[in-house]
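The values are calculated or read from the model by the stated rules, or taken from the named source; none is laboratory data. Only a predicted model underlies this, so the values are computations on that prediction, with no experimental measurement involved. Note: ideal-geometry Cβ built from the backbone for every residue, glycine included; neighbour counts use all protein chains shown. We work out accessible area using only protein heavy atoms, side chains counted, and drop any ligands, DNA or RNA first. Shrake-Rupley method; radii C 1.70, N 1.55, O 1.52, S 1.80 Å.
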Amino acid sequence: MEKEDVNVRVHDIQIKGNKRTKDWVIESVLGKMKEATTLQDILLEAAKASVQMERMDVFERWVINFDVGPPELPGTTNVIVEVVEPERPYSCNVGMFSRPESRKWSLEGTLKWKNLLGYGETWDGTGCYGWDSTAENSVGVNFPRFRTWPAGFFTRVSLLSQDWHKYSSYKERLLGVSTGLIHDNNHELSYNLTWRNLADPSHRASKTVRGQLGHSLLSAVKYSYRLDTRDSSVRPTEGFAFSTSSQIAGLGPDARLSRFFRQELDFRFAVPLGVFNAALNLGTSAGLIVPWGKDFLSKSTPLSDRFYMGGPSCLVSELRGPFSLVGFRTRGVGPRELRRLVKSGNEEEVGKRDTLGGDFAINGFADLSFDLPLKFLKEHDIHAHVFACSGNILSLADRKNMTAQKFFSGFRSSVGAGLVIPTRMFRLEINYCRVLKYQENDRVRKGFQLCFSPP
Amino acid sequence: MAEKKNNGGMALRVRPPAFGLPTACPKCLASLLYLRLANITFWPEYSAAMPDSDDLPMVELGLLVGFASEPGGVEEFLRTEKLGDLDADLAEVDRSELKAFKSLLVPLSDALQLELWSRENESIAHKIYVSHLPWPINRAIEWNMRRKLMNRLGVNKENAKDREAEIYKCAFDAYEAFSAKKQMDSLYLVSDKPTSLDAMLLAHILFVLSVPLVGSILKDELVSKHPLLVQYAESMKDTLLKSNEPSPSDSVKSPPTSPRASSHASSSSRDKDKGTNPEPKRKQTPKEKEFRKRGKMFVMAQLAALMAYIVYSGLPFEEDDGDDNGHDDD
């Protein structure tokens, strides 16, 4: 068998042990096994099927056996797939989580039910309640393998409320349905229909934010492509990563839908330096949002979809668009506007501003990481890094008066150094930052910072 | 003329115009007429994304903002900031009388809301409050607003007729009182100068007379039994509804991708919005209906295609299970 192909064909596929799961769900996992003509191909398809069954995560255990085919058909084999479905297809998790970057705690619970309809799907309900009254509730279903499509299909209904009062004087409530048609390691295509309501219960919002309060409907298709060849997302020392995300909103004949086009680009590059396990990571991100439709040049983009820069973040690992700029507070960079003046109110509120976000954002960084000369630290991959980053964020309304000099002089920059503790769950950074350049009204955060990022 | 702050003038944010009125929302119309009677210079900004908000109307002057939902509303804001006060020169006796008559405006407002949000006038309420929002959220908001109003008025299926009769009786009593007050020889209700009471009552009467509510009992009552009030409103109509605002560019702000400079619209567009002839707006209604219909069909077609694919694409697999014909015979 190792030296030459052994001609064998699949005569029949038998499924055993599935009380709930539909036969075709398991058969579709077997892929092209029925078309295989050699034993080597059949075994290869069986290995691929094993991986797919693992991904589906709806069986307790499974085994693929091969039996001799009918005697009147020599050179054939019967494939017997035996599965064991779990007695309890549901699971529940509840936990309390802290988010040091925003100094908040939240109570989160997840309920999952697998294979309810027998299509190998997973249903889940998630509830998250923050101590600042932020809440997110969502229900979703995920088909890991949708018919003969190689990728999964998922749909999710969610009710989310976010409190941006501290930064932009509004609270946001979102009720939406999102459907993903393509979802694999590289590509993701999804459709999102969301009812948004922005409100300002405190009556402090600036004029621009007041003008955006109220109801709107988002109907958008989003395509994302991601390629990551780096050796690690927690401590990359070699390789590159590229990510692009395009979103077009306003799909539908109704001209009253929110209409805009949004694009994000991320690029990361890691170069090993050979000594002390050092590596140089370089990266840049950019984003643009523009309205479209009749008289689009005179329209403004929705506050919720603009770019916001600032807040604790891990420059190296995250590929989430141009929002990272170390040394600045959350939503602390970019166009800002004075809030409503309340004469009888708290004096501390006088002069405060709302962050309005930007329509164009760009940032870049350089990060040099290296091992520390302590055995204990090396064993746990705890290392040090020094970094520098810079970024700028603009509104489309400023385009008429914008020149190259103004654009480049508007860049903010910061430098810092710190300790990185990578774990399997997340990357933890303890950094000291110094802001070298900032603009008027930026909210700077100097000194020590803590940040987490998922792998 | 009221004193103005030196930072760009005053803006009044109201719901969009319709039916020949500068704003078709009764509450917003009262504030607009108040500013006009007080000869305060302002320009209207239209906000159509907040149909269910109590904050409208709101007055903006630089960083100072007065919301309708705050104690005293727009009136109190103008008085506190010394921007204008129609009731400033009233004698103590007249002031007391003003307060008493203001309480009669509540049943008038309740009766008007009851008519506006009745099933027969669904399209009118839709046009005034939610027509600038996309389907289906406009329908959901409209339904919720009607439900909240009926709860506030205490109207339900069991007591609808009795409760409506009660509300209308209170409204008719208010009409009687205002008619009796107007019979006295004075240009305005309380004194020889307009007061906040005039602004509110005129807003109510002009709304009832201008908006084509189906089966309007209030209109029938006004026209048949209170000609003095109708005459009072008609005599003020041209003066009050003719705009003297400085800035022309008022475009409706519905979703966030609406025009940035909402305070500077063209006068031609405003004149079109305020047009005294309602027929051009009625010609647009089929177009709006077509947009809504196309929107509904688009979403339903998407859902139907998705469901059909899910359901019907499964048949070949089920047939393959029964046929068991996955092999070729040699």
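Using a simple spin-label model with pseudo-atoms 7 Å out from Cα toward Cβ, residue A:352 and residue B:70 lie 1.5 nm apart. All distinct Cα pairs of chain A go into the 1/r average, and the inverse of that average, the Kirkwood radius, is 25.5 Å.
Computed over the Cα atoms of region B:109-222, what is the convex hull's projected area averaged over all directions, in nm²? Present the calculation step by step, with values, prior to reporting the outcome.
Working: hull surface 32.5 nm².
Here the figure is 8.1 nm², rounded to one decimal.
Residues of region B:103-149 whose accessible area, computed with a 1.4 Å probe over protein heavy atoms, drops by at least 50 Å² once all protein chains are present relative to their chain alone are B:134, B:137. Fully extending the segment from residue A:93 to residue A:5, taken as 0.36 nm per residue of separation minus the present Cα-Cα distance, adds 26.8 nm.
If one takes the accessible area of chain A alone plus chain B alone and subtracts that of the pair, with a 1.4 Å probe, what total in Å², rounded to the nearest 100, results?
On the way: alone 25010 and 18330 Å², together 38950 Å².
Using a 1.4 Å probe, the pair buries roughly 4400 Å².
Compared with the dominant Cα axis of chain A, that is its longest principal axis, helix A:39-56 is turned about 40°.
Residue B:143 contributes an accessible area of around 150 Å² to the protein surface, as traced by a 1.4 Å probe with all chains present.
State in Å² the accessible area per residue of the protein assembly as shown; use a 1.4 Å probe, count heavy atoms of protein chains only, and round to the nearest integer.
Working: 38950 Å² over 785 residues.
With the other protein chains kept in place, the protein assembly as shown gives 50 Å² per residue.
Within the protein assembly as shown, the cysteines lacking any other cysteine Cβ closer than 4.7 Å to their own Cβ are A:92, A:128, A:314, A:389, A:433, A:451, B:170. Need one word for region B:11-241: rounded, prolate or oblate. Basis is the Cα gyration tensor (sqrt eigenvalues a ≥ b ≥ c); a/c below 1.5 gives rounded, then a/b vs b/c decides. Oblate. Round to a whole angstrom and tell me the spacing of the C-alpha centers of region B:134-175 and region A:385-423. What the calculation gives is 55 Å, centre to centre.
Residues of region A:274-300 buried by at least 30 Å² of accessible area upon assembly of all protein chains, compared with the chain on its own (1.4 Å probe): A:298, A:299, A:300.
Taking label positions 7 Å along the Cα-Cβ direction at both residue A:139 and residue A:368, the computed distance is 5.6 nm, reported to one decimal.
Can you pull the one-decimal nm distance between simple spin-label points at residue B:180 and residue A:65, each 7 Å off the Cα toward Cβ? Result for the modelled spin labels: 9.9 nm. Using R0 = 60 Å, the C-beta based FRET efficiency linking residue B:297 and residue B:187 works out to 0.60. Under the criterion of Cα pairs below 8 Å and six or more residues apart, the relative contact order for region A:201-253 equals 37 percent.
Which value, in Å to one decimal place, does the Kirkwood hydrodynamic radius take for the protein assembly as shown when every pair of different Cα atoms is included?
Details: mean 1/r = 0.0321 Å⁻¹.
Across the protein assembly as shown, the inverse of the average 1/r is 31.2 Å.
Among beta bridges from DSSP that stay inside chain A, the antiparallel ones total about 95%. Checking the Cα-Cα distances for A:171/A:299; B:99/B:182; A:207/B:27; B:127/B:293; A:343/B:82 against a 18 Å cut-off, the pairs over it are A:171/A:299; A:207/B:27. Here the accessible area is traced with a 1.4 Å probe on the protein chains. For the protein assembly as shown, carbon and sulfur cover 56 percent of it. Distance between the C-alpha centres of region A:154-169 and region B:34-54: 30 Å, rounded to the whole angstrom.
Report note on the peptides A:174-187, B:75-88: ranked by the mean count of other C-beta atoms within 10 Å, highest first, their order is B:75-88, A:174-187.
Could you tell me what percent of the DSSP beta bridges with both partners in region A:9-84 are antiparallel, to the nearest 5? Mind dumping the intermediate values first?
Numbers: 8 of 15 bridges.
Of those bridges, close to 55 percent are antiparallel.
Once you have the alpha carbon radius of gyration of region A:9-84, what is it after dividing by 2.2 N^0.38 Å, with N set to its residue count? Let's see the in-between values first.
Details: Rg = 12.2 Å, N = 76, 2.2 N^0.38 = 11.4 Å.
So region A:9-84 has a normalised radius of gyration of 1.07.
The contact residues of region A:177-219, meaning those that lose at least 20 Å² of 1.4 Å-probe accessible area when all protein chains sit together rather than their chain alone, are A:191, A:195, A:203, A:207, A:210, A:211, A:212, A:213, A:215, A:216, A:217.
Close amide-amide hydrogen proximity is noted between residue B:15 and B:25, B:47, each under 5 Å apart and 5 or more residues distant or on a separate chain (H modeled in the peptide plane; Pro and chain starts excluded).
Of the residues A:376, A:370, A:407, ranked by 1.4 Å probe accessible area with the largest first, the sequence reads A:376, A:370, A:407. Measuring between their Cα centroids, region A:197-264 and region A:1-75 lie 43 Å from each other.
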